[in-house]
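Trainee: Okay, here's the structure, questions in a sec.
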Amino acid sequence: MLGKYLKILSESLDKKAGILRAIEDKSKEQKELIENTAELEDIDANMDAKDALISELISLDEGFEALYDKIRSELNDHKDEHKDEIAGIQDKIRTVMELSTSIEAIEARNKAEMEKRFSFEKKNIQDQRKVSSAAYDYYKVSNKLNAVTPQFMDKKK
């Protein structure tokens, strides 16, 4: 029975690695979108797709943890009998950890690039406001210059 559970854990790690690779691809795609100054809607769609993958990943993690907690004591008692399966699972865990580290690095770079982009967009908006305000002030001043102040007229002849 323990061998069956170990196989399930191994398959779960394979699925997790596949999802992490998909997240890594989406993160690289996001990097391209940011660098090519794509529309914010495209970047948002990319982030939504990553969010769905992350939700699936969390679900897998919870299932893995629950199953491992269930067989932990039995696994400790029979380590020698399942040494090869345990080694395979440990290798898959290393792969998952490497993928996680790679994704974290890509995401950190993406975050820095997005902060730069938001800063640039904010500066553009502020500049547009200044230009608009200056144009409005010019309009007000020019209207005052052209305006004829009321004059008293003498109606006697």
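Trainee: Applying the selection to the stretch 20-72, what residues are within 22 Å of residue 99 (Cα to Cα), polar (S, T, N, Q) and touching a residue at least 12 places away in the same chain (Cβ under 8 Å)?
Mentor: Those that are within 22 Å of residue 99 (Cα to Cα), polar (S, T, N, Q) and touching a residue at least 12 places away in the same chain (Cβ under 8 Å): 27, 30, 46.
Trainee: Which condition breaks for residue 72 when tested against (1) surrounded by 11 or more Cβ atoms within 10 Å (Cβ to Cβ); (2) more than 28 Å from the chain's Cα centre (by Cα)?
Mentor: (1)
Trainee: Could I ask something else about it? Say we look at the stretch 75-101 and pick out the residues that are of a type in the set (Ser, Thr, Tyr) and in contact with a helix residue (DSSP H, G or I) (Cβ under 8 Å, 6 or more places away or on another chain); which of these is nearest to residue 20 (Cα to Cα)?
Mentor: Step by step, filter the stretch 75-101, then rank; the result is 100.
Trainee: Then there is this: Would you check if there is a residue in the stretch 102-116 being surrounded by 13 or more Cβ atoms within 10 Å (Cβ to Cβ), at pLDDT 90 or above and among the β-branched types (Val, Ile, Thr)?
Mentor: The answer is yes, given that some residue of the stretch 102-116 is surrounded by 13 or more Cβ atoms within 10 Å (Cβ to Cβ), at pLDDT 90 or above and among the β-branched types (Val, Ile, Thr).
Trainee: Considering only residues that are farther than 30 Å from residue 33 by Cβ and in contact with a helix residue (DSSP H, G or I) (Cβ under 8 Å, 6 or more places away or on another chain), look in the stretch 46-69 and name the one that is surrounded by the most Cβ atoms within 10 Å (Cβ to Cβ).
Mentor: By that ranking, first place goes to 64.
Trainee: Could you list, in sequence order, the residues of the stretch 99-140 that are among the hydrophobic types (A, V, I, L, M, F, W, C) and within 30 Å of residue 13 (Cβ to Cβ)?
Mentor: Answer for the stretch 99-140, where residues must be among the hydrophobic types (A, V, I, L, M, F, W, C) and within 30 Å of residue 13 (Cβ to Cβ): 99, 103, 105, 106, 108.
The values are calculated or read from the model by the stated rules, or taken from the named source; none is laboratory data. Bear in mind the structure is a predicted one, so any value in this text is a computation, not a measurement. Positions of Cβ are backbone-derived with ideal geometry, glycine not excepted, and every protein chain shown enters the neighbour counts.
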